[in-house]
Amino acid sequence: MDDLEKAILIIFDESGTVTSELKSQAVAFCQQIKDNPSICSICIERLCFSKLVQVQFWCLQCLHEVLRGRYSGMSSDEKSFVRTSVFSMACYESLDNSNSVKVLDGPSYVKNKLAQVLVTLIYFEYPSVWSSVFLDFLPNLSKGGVVIDMFSRVLNALDDELISQDYPRNAEEGAVSGKIKDAMRQQCVGQIVRAWYDIVSLYRNSDSELCAFVLDTMRRYISWIEIGLIANNTFLPLLFELILVDGLPDQLRSAASGCVLAVVSKRMDSQAKLTLLQSLQMNRVFGLVAGDGDSEFVSGLASLLTGYASEILDCLKHLNGGDLKRASVELLNEVLPSVFYVMQNCELDTTFSIVQFLSGYVATMKGPSPLTETQLFHVGQILEVIRMQIQFDPMYRDNLDVFDKVGSEEEDRMVEHRKDLLVLLRNVGRVAPDVTQLFIRNSLSNAVGTSLDRNVEEVEAALSLFYAYGESLSEEAMRTGSGILRELVPMLLSTKFPCHSNRLVALVYLDTITRYMKFVLENNQYIPLVLAAFLDDRGIHHPKMKVSRRASYLFMRVVKLLKAKLVPFIETILQSLHDTVAQFTSMDYAAKDLSGSEDGTHIFEAIGLLIGMEDVPLEKQSEYLSSLLTPLCQQVEILLTNSRVQNSEEPPSKVANIQQIIMAINALSKGFSERLVTASRPAIGLMFKQTLDVLLQILVIFPKVEALRSKVTSFIHRMVETLGSSVFPYLPKALEQLLAESEPKELVGFIVLLNQLVCKFNTSVQDILENVYPVIASRIFGILPRDTIPSGPGSNTEEIRELQELQRTFYTFLHVVATHDLSSVFLSPKSRVYLDPMMQLLLYTSCNHKDFVVRKACVQIFIRLIKDWCARPYGEEKVPGFQSFVIEAFATNCCLYSVLDKSFEFRDANTHVLFGEIVLAQKVMYEKFGNDFLLNFVSKGFLAAHCPQDLAEQYCQKLQGNDMKSLKSFYQSLIENLRVQQNGSLVFR
């Protein structure tokens, strides 16, 4: 063994005994050999004599690389030497007429690499240099299986590397592929097909594996060779014989069916295709599909039948003649039972879409004429396929029930998988409503009648079908209980499945009941059944928390819908929910669920909606509310008292417990209207005020716990809506406590609360605002930068996002204050000091902010302040310096220079709205300041922007007129004109 062979063995060594250093040396040595000008001779010599398969593979790999990279630079003698040598190896010949090594005796991967080398030569040399390559190969096939196998490998490699449309090709490869196919069609395809026929006929009983390999190669070529070479009275009978003869190996029968599928799938004119499909007499093979569904043959046959059916359906869509359509329908009706069987029992080729095929078939049923008996039968089969396809695999049952990672992924996959199937269900329901309803009824009846837990998946699928069916029903059909609803909804409500403990079954059961609740709204006799389903262990008392939580949410929706009709059942409902309510706010429960999730509060919202109705007598209402609020408030007071005593770091369980209680009370209060608690039943309002008193203590005891402050803020929001103006006495203390922290996130929540107060109470909150605005302004101007908040790469940090959120919320606040007649707040003695920074911020933002909606808000603030603070011309100046600031800074920079910037794109909708506000601002400034504004704006601003005199005069006329639309249109054309004049150089900075 010489150094090269040793180096190659070291490169391929996987024993782990070779050091990385030695491997690197071997790679470097082999690379050095590759660079040798005589590398082709070196490789071919080694291939003649070395029995080491690693050496053979390396030499062939090397030849492949050299041909691909250096072919054009090789001499004609060298090319001829490589061509002759490689072809001799492929034909099982000795290169030196001695007992030299034959590559074809090596393993598959060596032969595949040899085929790749030969295909590279074909790429460069066929048909111009080496036109006889395929014809030269054919006589050598008589040497037997080893050469036939090699010939198939070469044709397969040719398909992979050049011909197949399954891989992307560049323009050059596409051109070479076309040239090779044209030459082969003209010169040798007929002989190759004849050789395939002879090989399969000769070896079918002695070497089925070789025959299957040859047929698989042939399958690849059928798509582009002359179809008559295969679809004839010689070759097709052979293929069908191989398929039909029982006892032949599966591999061979499957390969034969693959070739017939390639014939069936051949692209051609629809009428010619129909003739071909009719000639195949495919009904001969329909019965074979009922064999072992997992076998290779049945899998191949399944692909053949589905492909055949798809092609007939395609013909049916594209053929217009009555006879041709009838012929297509006959063929389709003949094959469909087998296709339905395949869909339900076999592994299908991934390229075949069940939904696509069935949707296409259902589309053929649309029309004025009623469905035939055959079509109605097929509809039933389609529905059966849908039911089977939407069933979960029992192997995932435990994962889905406990909802672990595997279960979650499987559920997500099924949700996606079901989407198209349920669309198909709706389409089937439209063309055959009666059959669809009957099928759903029978599926559900079978599910109800099932007595074994092993039918979990069947029950879940039946319920899912009934749930999906509701999507296609009108509101009227839902209310009146048309079709099967009148029978199925009561049956469902009174049913307890043996597998109800399963999470998926329980969830779809509850969702389905909720979907059909409009029927119950019209049929009150079923209300007790609804309540039982939600309140027993099918719903809120289900052993799995995820089901129980979902049931609480859905029950809340049901209460919203049925509302007054539930008054007679309130006592029963509350008694049933007593343990759930107590459990939700217990320390144990909160400790288990520290996420602060809102899920569990839906039960309190449902109770609030029930007991908050005016239909409930006051005494009962007070009793119910007190029985809920008193223990919750007592629990908070105990926790707060303990915290005062301990005065140490609070455990997360205690914080979580208080959070749960606040959320529960918050949710409960949603059922009580402002009118009820303030006007008709103030005693109820008093109970909520006492609760607010207790909960505000949390801000005193836990001033630094952000989660609790957030929840209390949320409750104050709720009380503003519930108690109305009677909440006022509680606000100063609450706002003072909330304002104690100055983190941007905290400030955002605080300002949102102020916005709510202003929007609800308008000028009534003036005193409150005058107290808090100076504190807010001081904090915000200390936090926000004077100009732009950083954006772009590297600026997407939490800190930056918080600043952006704070900035947006502050602009909203200024806008709300200004537009609710409260601008005098900015002029109070304590606030005056912040007037200049506020104006500078508004000016900069109105000119530069990237968000044009924010810019519009700032312009609207200026308009409102001008109206509020400026009398008509020559009136007393309410805010000294404001008029000159507006005329000199705002008017010129925002209303002119910022609009001249090319980033101000008129075609954008938001920009167009902002532009309208800017024009309105000019009109308001003219009305308030008269010629003071006009002189400055025109003589300074327009002059700097090189505005022609005639356009400036036209602008003054338009501004002094009363047609805003005309003014806006003229100002836009003026700006576009000025952009050309001064080329965007005069932009506010």
Selection within the range 153-182 - of a type in the set (S, T, N, Q) and under 11 Å from residue 115 (Cβ atoms): 156
Which listed residue, of 301, 248, is surrounded by 14 or more Cβ atoms within 10 Å (Cβ to Cβ), of a type in the set (A, V, I, L, M) and assigned to a helix (DSSP H, G or I): 301
Positions within the range 446-474 being open to solvent by 40 Å² or more (accessible area, probe 1.4 Å), modelled with pLDDT under 90 and in a helix (DSSP H, G or I), in sequence order: 446, 448, 449, 453, 454, 471, 472
The range 935-950 residues that are over 21 Å from residue 883 (Cβ atoms), paired with ones that are part of a helix (DSSP H, G or I) and open to solvent by 90 Å² or more (accessible area, probe 1.4 Å) (beta carbon under 9 Å, 6 or more apart): 945/981; 946/981; 947/981; 948/981
Helices (runs of 4 or more DSSP H) enclosed by the range 650-729 - at least 1 residues per element that are within 23 Å of residue 606 (Cβ to Cβ) and of a type in the set (D, E, K, R): 706-723
Total residues in the range 54-77, condition farther than 24 Å from residue 155 by Cβ, open to solvent by 50 Å² or more (accessible area, probe 1.4 Å) and in contact with a helix residue (DSSP H, G or I) (Cβ under 7 Å, 6 or more places away or on another chain): 1
Some residue of the range 169-176 being open to solvent by 10 Å² or more (accessible area, probe 1.4 Å), over 47 Å from the mean Cα position of the chain (by Cα), of a type in the set (Val, Ile, Thr) and at pLDDT below 95: no
Per-region count, the range 208-230, residues within 45 Å of the chain's Cα centre (by Cα) and open to solvent by less than 30 Å² (accessible area, probe 1.4 Å): 9
Residue, most open to solvent (accessible area, probe 1.4 Å), within the range 932-954, restricted to residues that are within 13 Å of residue 891 (Cβ to Cβ) and not hydrophobic (A, V, I, L, M, F, W, C): 940
Hits in the range 637-694 (condition: open to solvent by less than 10 Å² (accessible area, probe 1.4 Å) and without any contact (Cβ under 8 Å) to a residue 60 or more places away in the chain): 643, 658, 662, 677, 685, 688, 692
Of all residues in the range 864-903 being open to solvent by 10 Å² or more (accessible area, probe 1.4 Å) and either of a type in the set (Val, Ile, Thr) or under 40 Å from the mean Cα position of the chain (by Cα) (or both), the one that is nearest to residue 816 (Cα to Cα): 887
Residue that is modelled with the highest pLDDT, among those in the range 767-795 that are surrounded by fewer than 16 Cβ atoms within 10 Å (Cβ to Cβ) and among the acidic types (Asp, Glu): 767
Residue match in the range 407-424 (condition: assigned to a helix (DSSP H, G or I), in contact with a Pro (Cβ under 8 Å, 6 or more places away or on another chain) and of a type outside the set (Ser, Thr, Tyr)): no
Qualifying residue in the range 714-732 (condition: under 22 Å from residue 643 (Cα atoms), open to solvent by less than 20 Å² (accessible area, probe 1.4 Å) and touching a residue at least 12 places away in the same chain (Cβ under 8 Å)): yes
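Go through the range 386-401 and count every residue that is assigned to a helix (DSSP H, G or I) and either open to solvent by less than 40 Å² (accessible area, probe 1.4 Å) or touching a residue at least 24 places away in the same chain (Cβ under 8 Å) (or both).
So the count comes out to 9.
Looking only at residues that are among the aliphatic types (A, V, I, L, M) and surrounded by 16 or more Cβ atoms within 10 Å (Cβ to Cβ) in the range 904-919, which one is farthest from residue 970 (Cα to Cα)?
Here the residue is 914.
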Set 486, 441: member being farther than 19 Å from residue 383 by Cβ, open to solvent by 10 Å² or more (accessible area, probe 1.4 Å) and assigned to a helix (DSSP H, G or I): 486
Search result, residues across the range 829-849 that are out of contact with any helix residue (DSSP H, G or I) (no Cβ under 6 Å at 6 or more places or on another chain) and basic (Lys, Arg): 832
Single condition residue 818 does not satisfy, out of (1) modelled with pLDDT under 95; (2) open to solvent by less than 10 Å² (accessible area, probe 1.4 Å); (3) farther than 29 Å from residue 939 by Cβ; (4) small (Gly, Ala, Ser): (1)
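What do you reckon, is residue 124 open to solvent by 40 Å² or more (accessible area, probe 1.4 Å) and assigned to a helix (DSSP H, G or I)?
yes
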Candidates 530, 508, filtered to the one that is open to solvent by 10 Å² or more (accessible area, probe 1.4 Å) and modelled with pLDDT of 95 or more: 508
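When you look at residue 413, is it surrounded by 15 or more Cβ atoms within 10 Å (Cβ to Cβ), at pLDDT 90 or above and basic (Lys, Arg), yes or no?
no
Yes or no, residue by residue, for (1) more than 15 Å from residue 558 (Cβ to Cβ); (2) in contact (Cβ under 8 Å) with a residue 40 or more places away in the chain:
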{"residue": "448", "(1), (2)": "yes, yes"}
{"residue": "457", "(1), (2)": "yes, yes"}
{"residue": "460", "(1), (2)": "yes, yes"}
{"residue": "482", "(1), (2)": "yes, no"}
{"residue": "498", "(1), (2)": "yes, yes"}
{"residue": "507", "(1), (2)": "yes, yes"}
{"residue": "518", "(1), (2)": "no, yes"}
Residue, modelled with the lowest pLDDT, within the range 550-602, restricted to residues that are of a type in the set (Gly, Ala, Ser), open to solvent by less than 10 Å² (accessible area, probe 1.4 Å) and under 20 Å from residue 665 (Cβ atoms): 590
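The values are calculated or read from the model by the stated rules, or taken from the named source; none is laboratory data. As the structure is a computational prediction, the values presented were derived from the model and not from experiment. For neighbour counting, all protein chains shown are included, and Cβ atoms are generated from backbone atoms with ideal geometry for every residue, glycine included. Calculation scope for accessible area: heavy atoms of the full protein, side chains included, ligands and nucleic acids excluded. Shrake-Rupley method; radii C 1.70, N 1.55, O 1.52, S 1.80 Å.
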